[in-house]
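Reviewing the structure listed below.
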Amino acid sequence: MNLGQKIKKLRELKDYTQQYVAEKLEITQSSYSKLETGTVDIPFSKLEEIATALGISVEDIISFNENMVFNIKNNKKANGLVINQISQNEKKLYDEYIESLKVENSYLKNMIDKLLDKK
């Protein structure tokens, strides 16, 4: 699943329209659609804006796995989301993977900051 597809699934889980997110990003719905379909690349700065519009972190977008989350709108007890049961070992592996992505994200942000400071 590519980044645009992950963003689309997360947007749909929030019950947001493309128009709603596009307005938050101050772009047209058509331009936003191109981000979700992969027609254009998503710069990191735009990814941060999308995460903010969706009320989640960049790490949440990058690590999103649709096979683990099901949108069950009629299940009042589950608050609309149900996470599959996974073993403690699988949970540990996912947690470690998420932490490694956070470290990588921090490193990349620092590198970008350094590059921007040199200009």
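Has region 89-110 got any residue that is under 19 Å from the mean Cα position of the chain (by Cα), closer than 13 Å to LEU3 by Cα and modelled with pLDDT under 95? No: region 89-110 contains no residue that is under 19 Å from the mean Cα position of the chain (by Cα), closer than 13 Å to LEU3 by Cα and modelled with pLDDT under 95.
Scanning region 1-41 for residues that are farther than 22 Å from GLU66 by Cβ and of a type in the set (Lys, Arg) returns a single hit, LYS24. One residue alone among ASN67, ASN75 is surrounded by 12 or more Cβ atoms within 10 Å (Cβ to Cβ), in the same structural domain as LYS9 (by TED's automatic domain parsing) and at pLDDT below 90, and that residue is ASN75.
The values are calculated or read from the model by the stated rules, or taken from the named source; none is laboratory data. Please read these numbers as outputs of a predicted model, since none were measured by experiment. Because the Cβ atoms are built from the backbone with ideal geometry, glycine has one as well, and the counts that use them run over all protein chains shown.
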